[in-house]
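As structure tokens, the structure follows; a few thoughts come after it.
The values are calculated or read from the model by the stated rules, or taken from the named source; none is laboratory data. The structure presented is a predicted model; accordingly, all values stated were derived computationally and were not measured. In this analysis, Cβ positions are derived from the backbone assuming ideal geometry, glycine residues included, and neighbour counts consider all displayed protein chains.
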Amino acid sequence: MKRILLLLICFIILSFSQNKNIEEYNFIGKWKGIDDKGEIGYIIFEKDGTASMKNGDNAMVGGKDYYIEGKKATITYVIDITAKPISIDFIMNLEGHELPGKLSFVAEIIDDNSFKVESTKENKSGKKNSMILTRIQE
């Protein structure tokens, strides 16, 4: 009986400490990772809720003010740490378009300076894209 009670207490303490880490997790900063194809990618989460991204040889896109074919665009992000798993949505607003574009991912925290992201939709080959991101700048 004492062992069961001790195990229960340990489980509660461990559960509480994991939730605390998630609630306090700081996504703000520049992150680098390698995708499933071996291409290097970057994501920058800004304090103001905007995001910038770069994958492979493509140019950096996003932030507050960037342009696509002469039209102003913005990429923002929403992170829901209460969701299980954590959800990250990137929302792209393009001048002249009524509906924003959205890319959705789930995240799994590895430690204070790394987490795994995985797309919620499958790619053309039937797999979900994923990447482990490591913080390279706060």
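Would you pick out the residues in the range 110-130 that are assigned to a loop (DSSP other than H, G, I, E, B) and surrounded by fewer than 13 Cβ atoms within 10 Å (Cβ to Cβ)? Walk me through it before giving the result.
Of the range 110-130, the ones assigned to a loop (DSSP other than H, G, I, E, B) are 112-113, 123-127.
112, 123, 124, 125, 126, 127 - these are the residues of the range 110-130 that are assigned to a loop (DSSP other than H, G, I, E, B) and surrounded by fewer than 13 Cβ atoms within 10 Å (Cβ to Cβ).
Could you list all residues from the range 83-109 that are in a loop (DSSP other than H, G, I, E, B) and of a type in the set (A, V, I, L, M)?
Taking the range 83-109 as the starting set, the residues that turn out to be in a loop (DSSP other than H, G, I, E, B) are 83-85, 95-100.
Across the range 83-109, the qualifying residues are 83, 99.
Any chance you could count how many residues in the range 98-118 are farther than 22 Å from residue 134 by Cβ and without any contact (Cβ under 8 Å) to a residue 12 or more places away in the chain?
Matching residues across the range 98-118 total 4.
Could you please let me know if residue 76 is in a loop (DSSP other than H, G, I, E, B) and of a type in the set (S, T, N, Q)?
Working: in a loop (DSSP other than H, G, I, E, B): no; of a type in the set (S, T, N, Q): yes.
Spelling it out, it is not the case that residue 76 is in a loop (DSSP other than H, G, I, E, B) and of a type in the set (S, T, N, Q).
Six or more apart or on different chains, Cβ atoms under 7 Å: show the pairs whose first residue is in the range 47-61 and over 21 Å from residue 37 (Cβ atoms) and whose second is surrounded by 10 or more Cβ atoms within 10 Å (Cβ to Cβ) and of a type in the set (D, E, K, R).
Note: pairs meeting the criteria are 50/64.
In the range 29-73, what residues are modelled with pLDDT of 90 or more, surrounded by 14 or more Cβ atoms within 10 Å (Cβ to Cβ) and not in a strand (DSSP E or B)?
Correct list: 46, 49.
Within the range 98-108, does at least one residue satisfy the condition of being touching a Lys or Arg at 6+ places or on another chain (Cβ under 7 Å), farther than 18 Å from residue 44 by Cα and surrounded by fewer than 16 Cβ atoms within 10 Å (Cβ to Cβ)?
Within the range 98-108 (the criterion being touching a Lys or Arg at 6+ places or on another chain (Cβ under 7 Å), farther than 18 Å from residue 44 by Cα and surrounded by fewer than 16 Cβ atoms within 10 Å (Cβ to Cβ)), the answer is no, since none of the residues qualifies.
Somewhere in the range 112-127, is a residue modelled with pLDDT under 90, of a type in the set (Gly, Ala, Ser) and within 10 Å of the chain's Cα centre (by Cα)?
Yes, that holds for at least one residue.
How many residues are farther than 17 Å from residue 135 by Cα and touching a residue at least 40 places away in the same chain (Cβ under 8 Å) if we restrict to the range 33-46?
1
Only one residue in 127, 121 is of a type in the set (Lys, Arg), over 16 Å from residue 43 (Cα atoms) and touching a residue at least 60 places away in the same chain (Cβ under 8 Å). Which one?
Numbers: 121 fails: touching a residue at least 60 places away in the same chain (Cβ under 8 Å).
On inspection, the qualifying residue turns out to be 127.
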